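The next block holds one structure in the form of structure tokens; read it before the comments.
The values are calculated or read from the model by the stated rules, or taken from the named source; none is laboratory data. The shown structure was predicted, so the numbers you read here are calculated from the model rather than taken from an experiment. All Cβ positions, even for glycine, are placed from backbone atoms using ideal geometry, and neighbour counts span all protein chains on display.
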Amino acid sequence: MQAAPVRAHALPSVTTALRAVESLLLSGGQRTARRNAWTAVLEDRRRARDRVEAEHVLQAVADHRS
């Protein structure tokens, strides 16, 4: 039984493939706008996690004092 052949080059990642398709379909301004929008979504998610964590801390302090 022979081993599978080893490839000399790595397959592109999904991210790399999506960016290649994106560059074909969208103009530079649209790509920038989409990336800025995604960055804003990620930042909103981070703020939401921080807010939930702060609520838990405040609730723990309030429970501890009562």
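Just a few scattered comments:
- Some residue of the stretch 23-32 being outside any helix (DSSP H, G or I) and among the polar types (S, T, N, Q): yes
- Which numbered condition residue 19 fails, given (1) surrounded by 10 or more Cβ atoms within 10 Å (Cβ to Cβ); (2) under 16 Å from the mean Cα position of the chain (by Cα); (3) modelled with pLDDT of 85 or more: (3)
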